[in-house]
Amino acid sequence: MSIPVVLVPGAPVLVPELSGTAAAETTSQVEVTLGLLRAAAGGLARVLVLGSDPTGRALGDVRSSLARWGDAVPVGRAGAPESGHPGVPDAALLGWWFLDRAGIDLPRSFIGVTGDGRPARHPGADTLVVVVADGPASLTPRAPVPEDPRGVALDSRLSDWLRHGGELPDPGGEVSDSVGWWSRPAWRELAGMVGDRAALEATSWAPFGVGYHCARWDLASPVSPRPGGGR
C-alpha cells in the first residue's frame, strides 16, 4: 500500500475570509490543491501534517481558528476538542484549513520541523502526510521581502524539483533567510521523505511575490532518511 504525501502552501492570503477579493487570484490553484488532497486521502485512517516551526511543537487533533490573522475562521474537525493553547503553529492552522476545505474528516496531528529538518518520518501506510511549505517571499516588488534574483532562481528550481525529482535545491540557511525561504526545514523534511522521486502532479504560482506550490506523491514504501534529499 502506498504512502500518499501532499505538499500544500501555508499562506493566510489564500483564505477568502482573510484576504477578500485578493483570494480570487488564487481560486483555481487552491481548487487544484484541494483535489490533490481528496485524491490522496481515500481509504486512509489519519493525517499527519508537517510544517516548519522554530520550537518544534507537536499538536493533536484539536479545533482552533485563524483569528490571529484577523477573522476567527474555525478550523479543525467538528468532533475534536478545542485547543487550550493560543500558540497553535501557523503551519498547523493552514494545514487544518486545507483539510477542512477538502472535506477530509480524518483524525489529524501536527509535528513542527526545526532547523535544517529532521530525518524523514515513516508514517503507517494508512496515513496521509501533508507538508505545509512555501517558496521564497522575494519574487516580485509585490513580495513581503525586497525582490531578489536569488529568490526568483530558487523558486524556479523548486518548481523544477517537484516535476523532475533529483536533489532538493538548497542554498543554505543564510541565503534562505535573506530571500524569505522560511519554510526551508519543511522542504528538507519533504525531500527526506520522497527522496529523488518526481511528484505525480504539481502546480506552482506566485500572485503576491511568494512562491506557492502544491504536489502529490504516492510512495510505494518508506525511503531511507535523507535530510534535504542529499545523496
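Taken over region 28-43, the criterion of being more than 15 Å from residue 202 (Cα to Cα) and surrounded by fewer than 18 Cβ atoms within 10 Å (Cβ to Cβ) is satisfied by 42, 43.
Pull up region 44-62, narrow it to residues that are crowded, with 17+ Cβ neighbours inside 10 Å and in contact with a Lys or Arg (Cβ under 8 Å, 6 or more places away or on another chain), then point me to the one that is nearest to residue 181 (Cα to Cα). Only one residue tops the list, namely 52.
Quick one: in region 16-57, of everything that is assigned to a loop (DSSP other than H, G, I, E, B) and within 22 Å of residue 128 (Cα to Cα), which residue is farthest from the chain's Cα centre (by Cα)? Applying the filter and picking the extreme gives 43. Scanning region 176-190 for residues that are touching a residue at least 60 places away in the same chain (Cβ under 8 Å) and among the small types (Gly, Ala, Ser) yields 183, 186.
In region 63-79, of all residues being within 18 Å of residue 10 (Cβ to Cβ) and hydrophobic (A, V, I, L, M, F, W, C), the one that is surrounded by the fewest Cβ atoms within 10 Å (Cβ to Cβ) corresponds to 67. Could you go through region 121-143 and let me know if any residue there is part of a loop (DSSP other than H, G, I, E, B), crowded, with 21+ Cβ neighbours inside 10 Å, acidic (Asp, Glu) and out of contact with any strand residue (DSSP E or B) (no Cβ under 9 Å at 6 or more places or on another chain). No, every residue in region 121-143 fails to be part of a loop (DSSP other than H, G, I, E, B), crowded, with 21+ Cβ neighbours inside 10 Å, acidic (Asp, Glu) and out of contact with any strand residue (DSSP E or B) (no Cβ under 9 Å at 6 or more places or on another chain). Within region 172-195, being assigned to a loop (DSSP other than H, G, I, E, B), at pLDDT 95 or above and surrounded by fewer than 21 Cβ atoms within 10 Å (Cβ to Cβ) holds for 172, 182. For residue 169, are the conditions met, namely being part of a loop (DSSP other than H, G, I, E, B) and without any contact (Cβ under 8 Å) to a residue 24 or more places away in the chain? Taking the combined requirement at face value, the residue satisfies it.
Among the residues making up region 144-162, those that are of a type in the set (A, V, I, L, M) and either in a helix (DSSP H, G or I) or under 15 Å from the mean Cα position of the chain (by Cα) (or both) are 152, 153, 154, 158, 162.
Evaluate the following for residue 60: is it within 18 Å of the chain's Cα centre (by Cα), of a type outside the set (D, E, K, R) and over 18 Å from residue 10 (Cβ atoms)? Yes: the conditions hold for residue 60.
Taken as a whole, the condition of being among the hydrophobic types (A, V, I, L, M, F, W, C) and within 19 Å of residue 183 (Cβ to Cβ) does not apply to residue 104. Within region 197-217, the set of residues being small (Gly, Ala, Ser) and in a loop (DSSP other than H, G, I, E, B) comprises 198, 199, 206, 209, 211. For residue 82, state whether it is exposed (fewer than 13 other Cβ atoms within 10 Å of the Cβ) and charged (D, E, K, R). Yes; evaluated as a whole, the condition is true for this residue.
The values are calculated or read from the model by the stated rules, or taken from the named source; none is laboratory data. Fair warning: this is a prediction, and the values are worked out from it, not measured in the lab. We place every Cβ from the backbone using ideal geometry, glycine too, and count neighbours over all the protein chains shown.
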